Amino acid sequence: MALGRYRSPQARREYDAVYDRGFAVLPAPAEQHDVATHFGTARVYRFGRPGPAPMVLLPGRAGTTVMWAPNLAAFAAHRPVYALDLIGEPGRSEQTGEIRSAVDQAAWIDAALDALDLRGIHLVGYSFGGWLATNLAVRAPARLASLTLIDPVQTFARFPVALLARSALIAVPGVSRWARPAFLRWISDGAEVPDDDPVAAVVDEGMRTFRIALPVPTSFTDAQLESIGVPALALIAGRSVMHDARRPRRGPGTSWPMSGSSCGRLRHTPSPAKRPPRSTPASSAS
């Protein structure tokens with residue numbers, strides 16, 4: 001059975017130390033939950049007061065809850081915010097069952113939200129989390145009130161060959177030491193990241209210490225995108241290396257471009273930058 005795991009007990013200890021330092025910069029969570037699902041235990045944090053219309057955050061690959069550091073205080077000032085560490089990735093969630101498909105990915109997230117009795121949620125996903133959010137909207141939409149996608153992968157365009165090639169190098173023994181930092185610089189358009197940046201440190205340490213065993217995200221059909229019936233906003237980085245933002249797939253359920261709100265259709269708002277602006281999460285891998 002293929003499960004995500006740390007490379008060694010020492011690697012786990014080293015990662016936990018970096019995670020703890022990153023988590024220390026966040027506002028103190030009001031609640032912490034370890035929610036049992038068929039695929040493992042999902043760590044979920046609540047920020048802000050309890051109430052209606054909660055926001056649920058799904059991070060980019062290896063980003064964990066820490067990647068929302070620039071946003072959490074502002075989000076939680078207006079509504080309850082629930083942030084998930086993803087099952088099958090580095091963080092505080094624990095995988096015990098194999099995740100084989102997009103159906104499985106939607107199932108564990110829906111089970112975690114159901115256990116917390118979260119309904120009418122405003123779901124936000126970044127990069128790989130954007131794909132997860134779209135996947136949930138397609139396969140288990142009943143509890144959603146809205147959908148916000150920040151540069152989602154494998155949603156409107158496929159992974160470029162260059163991305164797949166560079167990603168593969170990260171897993172090669174003897175090569176990953178220089179390939180990993182080079183990859184992170186590449187996806188952030190060469191932007192300088194301070195050595196003490198907590199988000200970058202958590203992403204880098206997660207990629208170094210953890211072996212992910214998840215299926216490659218599958219592309220959505222036009223019919224699946226058409227089926228999304230909640231208001232949705234997609235923010236696409238104009239120079240993203242995760243896809244070609246100049247050639248988005250045009251399906252019957254998308255509008256490219258348009259302005260104003262659009263209930264039941266995805267609104268495309270291209271951004272000139274590859275990295276999210278300061279008001280959105282720091283860059284993390286897909």
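The values are calculated or read from the model by the stated rules, or taken from the named source; none is laboratory data. What you see is a predicted model, and the numbers here were worked out from it, not measured in a lab. Glycine gets a Cβ as well: all are built from the backbone with ideal geometry, and neighbour counts include every protein chain shown. Just so you know, the surface numbers come from the protein's heavy atoms only, side chains and all, with ligands and any DNA or RNA stripped out. Shrake-Rupley method; radii C 1.70, N 1.55, O 1.52, S 1.80 Å.
Phi angles across the range 123-140 convert, under the Karplus curve 6.51 cos²θ - 1.76 cosθ + 1.60 with θ = phi - 60°, into 3J(HN,Hα) values of 8, 10, x, 10, 6, 4, x, x, 5, 4, 5, 4, 4, 5, 5, 7, 9, 8 Hz, Gly and Pro given as x.
Rank these residues by their accessible area, most exposed first, probe 1.4 Å: D196, D151, D34.
Values: D196 125, D151 15, D34 90 Å².
In descending accessible area the options line up as D196, D34, D151.
Taking all Cα pairs closer than 8 Å and separated by 6 or more residues, the relative contact order of the range 1-113 comes to 32 percent. L233 exposes around 50 Å² of accessible area when a 1.4 Å probe is run over every protein chain in place. In the range 57-155, the convex hull through the Cα atoms has an average projected area of 6.1 nm², a quarter of its surface area.
In the range 97-157, Rg over Rh equals 0.96, where Rg is the alpha-carbon radius of gyration and Rh the Kirkwood radius from pairwise Cα distances. Compared with the direct C-alpha span, the chain from D197 to A142 gains 16.0 nm at full extension, assuming 0.36 nm per residue. The calculated FRET efficiency for the pair A53 and A17, based on their C-beta separation and a Förster distance of 25 Å, comes to about 0.10. Within the full protein context, the accessible area of H33 is estimated at about 50 Å² for a probe radius of 1.4 Å.
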